[in-house]
1. With label points built 7 Å along Cα→Cβ from the Cα atoms of THR59 and ARG156, find their separation and express it in nm.
2. Between GLN166 and VAL179, with labels modelled 7 Å along Cα→Cβ, what's the label distance in nm to one decimal, could you check?
3. What residue among ALA78, ALA109, ALA48 has the largest mean-square fluctuation in a Gaussian network model of the chain, using Cα springs under 10 Å?
4. According to a simple spin-label model (label point 7 Å from Cα along Cα-to-Cβ), what is the distance in nm between LYS70 and ASN116?
5. Relative to the present Cα-Cα distance, how much length would full extension add between GLU195 and PHE105 at 0.36 nm per residue of separation?
6. Would you mind giving the three semi-axes, in whole Å and largest first, of the ellipsoid equivalent to the chain according to its Cα gyration tensor?
7. Want the number for ARG203 to ASN39: 0.36 nm per residue separation, take away the alpha-carbon distance, what's left?
8. Can you tell me how much longer the chain between ALA50 and ARG3 gets when fully stretched, taken as 0.36 nm per residue apart minus their C-alpha distance, in nm with one decimal?
Amino acid sequence: MNRRIYLIYKKLLFRFGRQGWWPADAPFEVIVGAILTQNTNWQNVEKAIANLKGNRLLTPRKLNKLSLKKLAALIKPAGYYNIKAQRLKNFLSFFFKNYRGETRFMAQASLQELRNGLLSVNGIGQETADSILLYALDKPVFVVDAYTKRVLLRHRLIGKKADYLQTQDLFMKNLKCDVKLFNEYHALLVKLGKEFCLKQKPRCEVCPLK
């Protein structure tokens, strides 16, 4: 299994090259993006983030002071904007209470402490929490999303009933514990899922993993 997991990575890296994820100017922007990207595509998230940047509001303190109504209006392109505005506020409350609104303090905490804390925030699930940990805080944890599960299921590496943690363990137990590796591998799986391993009509005949 170890060799197979590494072989998939090598094939994808050879085909697609390095992806350079997560596209952001600062760790806090990554966190906001991770929360906004729930149930939408990245293009919509970029529009919402551009609204926040355009109004010079993309800082923890400014967003914390912003009214829920104004925040919802600014992130409207990301969809489910009222729900996501509340989730951002929930995170900010946790962020200021535990880490004084500073990602540098947050990054000093252990992975398990951070993961447990993030999962206690209403509206943050395992995928969002792990995206924040990996991409914003450089913690070695593998992010599992719908693309990951689809690819692994079609290559018979997991069963239909495999849950998030079981899928994550496949990578965590068979790869070197390395932030850059986890980052690149996940981004490559997303690329594969978007371009070849489609939900409907997958392009199996030209798949890089064929």
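Where a number appears in this text, it was derived from the coordinates with a stated rule and is not lab data. Quick caveat: nothing in here was measured; it's all calculated off a predicted structure. Heads up, the Cβs are rebuilt from the backbone with ideal geometry, glycines too, and the neighbour counts pull from every protein chain shown.
1. Spacing of the two 7 Å Cα→Cβ label points: 5.7 nm.
2. 3.2
3. Highest fluctuation of the listed residues: ALA109.
4. Label-label distance for ASN116 and LYS70, simple model: 3.7 nm.
5. Details: separation 90, 0.36 × 90 = 32.40 nm, distance 3.79 nm.
Length gained, GLU195 through PHE105: 28.6 nm.
6. Numbers: eigenvalues 193, 74, 43 Å².
For the chain, the ellipsoid semi-axes come out as 31, 19, 15 Å.
7. Numbers: separation 164, 0.36 × 164 = 59.04 nm, distance 2.37 nm.
Result: 56.7 nm gained on full extension.
8. Computed gain between ALA50 and ARG3 is 12.8 nm.
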